[in-house]
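As C-alpha cells, the structure follows; a few thoughts come after it.
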Amino acid sequence: MERLSIGIQKSGRLSEKSLDLLKESGISLANGNRKLLSSSQNFPLDAVFLRDDDIPQYVFDGVTDAGIVGENVIREKSHELEVIEKLGFARCRMSIAIPKGVDYNGVVTLDGKKIATSYPNILGSFLAENHIDAEIHVISGSVEIAPGIGLADAIFDIVSTGSTLVSNGLKEVEVVLKSEAVLVARPNLDPVKREILDKLLFRIRAVRKSRDNKYILLNAPNDRLDEIINVIPGMKSPTIMPLAEEGWSSVHSVLNENEFWEIIDRLRDLGAQGILVIPIEKMIT
Ligand code: PRT
Ligand code: ZN
C-alpha cells in the first residue's frame, strides 16, 4: 500500500499548528516522543520530523513527498516545489530595518550599505530588482543585534509584531515578502500519492473553512423575518422553522467569523432573540 510522507517541523513555531491541522483533519499520529517518523494508523500518511530549513531540500530530493514549511524558507532555498495550499498560520513578513535615528529616503538609501541577514537569496533578488548595490553579510542568528554592534548598517529579517525591532532600536523600512505556512509537494508525484495528497487537501480545506465560520441559531419575530434573512448571508439560504410560540420562527444559518459581530448587532436591532452561536467542526461545501 502506497503512503504519503510529509515533512513537519520537529520543534518550533510551525510544529504544533502543523500537527493540529493534521489532527483536525482526522489523521492520528502516535507522536508522544517526537521520533523521526510517525505513521498514521487511520490514513496512509507518515510524518517525518525535520528542521524547517531542511524540508524544501528533502521534498525536492524525494526523501519526503510533501512538507509544511514557511514560504520564506521555500523562497530562500528556491527549489522547484509545488505550493499546494497556503495554510494561514505562522504569518510574518520579511523586512529591511535600519537604526531608528537614520533617515530613510527609499531603497537608494541602501546603496553601498552593509545588510546583515540569514536570507541572502531573497535579499539578493530584491536588491538586484531595485538596482541597489549593497553588501550582504550572512549571519545565522540574532540578526537584529548586528547594527548595534557595528556589524552592519541595516538588517533583513522576519518581522511579526515588530517588537524585536523596536527593542533593538530599529525601524522597518521595506517589506520585501509576506509569508505564511504552506503545504508543498514534489512536482510529478505518482498518481497514487497524488490521490492521497488530494484527500489530505480536501480535509485541510474543510477544517480551515470550519474555523472561519460559525453556526448561528436565533428566534425571529415573523413580521421582521424577511429583514432578518436579508442580513444573514448563509451558505445557501437559511433554514426557517416555526416556533411553538405563535408569531415566531427559528432561523439557522452559517456566518463568517469576519463579519460576525457586525451581523449580530444588526440582528439584535431587528428584534432577533435567543441568539446561539456554535463552532462548526467540519465544513464541506
Ligand atoms: O529549528 P528550526 O530550524 O526548525 O526552526 P527555526 O528556529 O529556524 O524557525 P522558527 O520555529 O523560529 O520559525 C519557523 C517559521 O515561522 C519561520 O520560517 C517563519 O516562516 C515563521 N515565523 C512567523 C517566524 C515568526 N513569525 C517570527 N516572529 N519566524 C521567526 N520569527 C522571529 C524573527 O526571526 C525575529 O527574531 O521572531 C522575531 C520577530 O518577532 P517580532 O514579533 O518581535 O516581530
Ligand atoms: Zn530553521
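Observations, loosely collected:
- Candidate set from the range 44-53 (those that are open to solvent by 20 Å² or more (accessible area, probe 1.4 Å) and over 19 Å from the mean Cα position of the chain (by Cα)); member that is nearest to ligand 1 (Cβ to nearest atom): D46
- Here V173 does not fit the description of being within 16 Å of ligand 2 (Cβ to nearest atom) and open to solvent by less than 70 Å² (accessible area, probe 1.4 Å).
- The range 227-272, subset open to solvent by 40 Å² or more (accessible area, probe 1.4 Å), part of a loop (DSSP other than H, G, I, E, B) and farther than 12 Å from L217 by Cβ, residue modelled with the lowest pLDDT: M235
- Residue count for the range 200-216, restricted to those that are touching a Leu at 6+ places or on another chain (Cβ under 9 Å) and surrounded by fewer than 15 Cβ atoms within 10 Å (Cβ to Cβ): 0
- The residues of the range 13-30 that are away from ligand 1 (no atom under 16 Å from the Cβ), touching a strand residue (DSSP E or B) at 6+ places or on another chain (Cβ under 9 Å) and not in a strand (DSSP E or B), listed by number, are L22, K23, I27, S28, A30.
The values are calculated or read from the model by the stated rules, or taken from the named source; none is laboratory data. Keep in mind the model is a prediction, meaning the values are calculated, not measured. No Cβ is skipped: glycine too gets one built from the backbone with ideal geometry, and neighbour counts run over all protein chains shown. Remember, those area values only see protein heavy atoms, side chains included, never the ligands or the DNA or RNA. Shrake-Rupley method; radii C 1.70, N 1.55, O 1.52, S 1.80 Å.
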